[in-house]
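Before any comments, here is the structure.
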Amino acid sequence: MYKSDEWTEYHLTPRGWEVGTSKTDYNKTEKKCPDDAVQTVKVREFGNISNLQIERTHTIEWQTPDEGLLAKLQQQFGDAPEQI
């Protein structure tokens, strides 16, 4: 039975969603969070690959206390990407 746990962080900025640190089962790529990020979301897939039971989660890891700016950028750029 092969278990998988992969994830990618996405940062919402005034330029849109930017890819952050990501981890696959075989590699991890570190990327610094942009200084002007207003929210960080982690998209994670984990589960049992051998029987295709994969679960996907979206977790807000951090967000700015500036609710007005956050709402404006979310309206402009939408939700975080779905893919890891």
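Relative to the dominant Cα principal axis of the chain, helix 67-77 is inclined by about 60°. Highest mean packing first, where packing is the average number of other Cβ atoms within 10 Å per residue, the peptides 16-24, 64-72 line up as 16-24, 64-72.
Give the lysines whose C-alpha is closer than 19 Å to that of residue 28, dropping any in the same chain fewer than 8 places away, or say none. Partners found: 3, 42. For residue 72, the aspartates and glutamates whose Cα comes closer than 17 Å to its Cα, not counting residues fewer than 8 places off in the same chain, are 18, 36. From the square roots a ≥ b ≥ c of the eigenvalues of the alpha-carbon gyration tensor of the chain, which class results: rounded (a/c under 1.5), prolate (a/b over b/c), or oblate? Prolate is the answer for the chain, as a/c is 1.5 or above and a/b outweighs b/c.
Every read-out reported here was derived from the displayed coordinates using simple, explicitly stated rules and does not represent laboratory data. Small disclaimer: the values here were computed from a predicted structure and weren't measured. Using ideal geometry, Cβ is built from the backbone for each residue, glycine included, and neighbour counts are taken over all protein chains shown.
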